[in-house]
Amino acid sequence: MGSTAIAVDLGYTYLQKRRLQAAVDFALLAGAQKLPDSSSATSDAQSFLNANWEQNGNSVDPSVVSLSTCKFDPANPQPCSSSSAACDASGPGHMRLKATAQVPTFFGKIFGFSSLNVSAEGSACGRCDSSTQKFDVVVVLDRSFSMCLDANGQYDGCTSLSQAKQGVQALLNFFSPATDRLGLAVLSSGDNVAPFTHPGTYPCDTANLNDYGSHGLLR
């Protein structure tokens, strides 16, 4: 029974710790979008922390040990300190979150351990960082016909591809041509001869090629 308690309960506790860390990370990403508005940032972080933790079937919200915002210091981005250099005079650009949660045990109750504590923490910065950064990024875009099918395998006008293209275009606005290098790798469709047919899905013709072919990508 002791070996079972160690294997099952500790394994489950480790899983829940990973889930708590994921919830903290999602909370920080959501909250950082609202910086330098500290009130909205912390409120969103709290909401997303609870929502993502409950998504895993947990009914009790995790306890927030600390949730703070501060001005971002590019030389020391982790700790929140009142003496940090400001990248934006209008308010804080950095936030930290630490949370804990109780994980119930299955077999540990026999030995007097009804629950185990797990903790997770992290930090994120908003978009006010003005320090020089250089990025070298490759974006991979799937242009195959699978991006034109819905969950039932039916042609949907290439909704997924359209959304992917919009995402790439939004990403381009983040980078600076003066300092960054951005590459594009494209998974091309093998269906480059019209007319052609995808059995059981949608008969395609020349017009449909533009939905997900090279012309559609460059629009």
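Taking (1) touching a residue at least 40 places away in the same chain (Cβ under 8 Å); (2) more than 18 Å from the chain's Cα centre (by Cα) in turn, Ala27 satisfies each apart from (2).
Of the set (1) at pLDDT below 85; (2) in contact with a helix residue (DSSP H, G or I) (Cβ under 9 Å, 6 or more places away or on another chain), all apply to Asp73 but (2). May I ask you to list the residues in the range 138-175 that are polar (S, T, N, Q) and surrounded by 12 or more Cβ atoms within 10 Å (Cβ to Cβ)? Those that are polar (S, T, N, Q) and surrounded by 12 or more Cβ atoms within 10 Å (Cβ to Cβ): Ser144, Ser146, Thr159, Ser160, Ser162.
In the range 47-70, the residue that is modelled with the lowest pLDDT out of those that are buried (at least 19 other Cβ atoms within 10 Å of the Cβ) and not in a strand (DSSP E or B) is Asn58.
Annotation: of all residues in the range 88-125 being at pLDDT 85 or above and charged (D, E, K, R), the one that is farthest from Leu67 (Cα to Cα) is Glu121.
In the set (1) part of a helix (DSSP H, G or I); (2) crowded, with 20+ Cβ neighbours inside 10 Å, the condition left unmet by Leu35 is number (1).
The values are calculated or read from the model by the stated rules, or taken from the named source; none is laboratory data. The structure displayed is predicted, hence computed values, not measured ones. Heads up, the Cβs are rebuilt from the backbone with ideal geometry, glycines too, and the neighbour counts pull from every protein chain shown.
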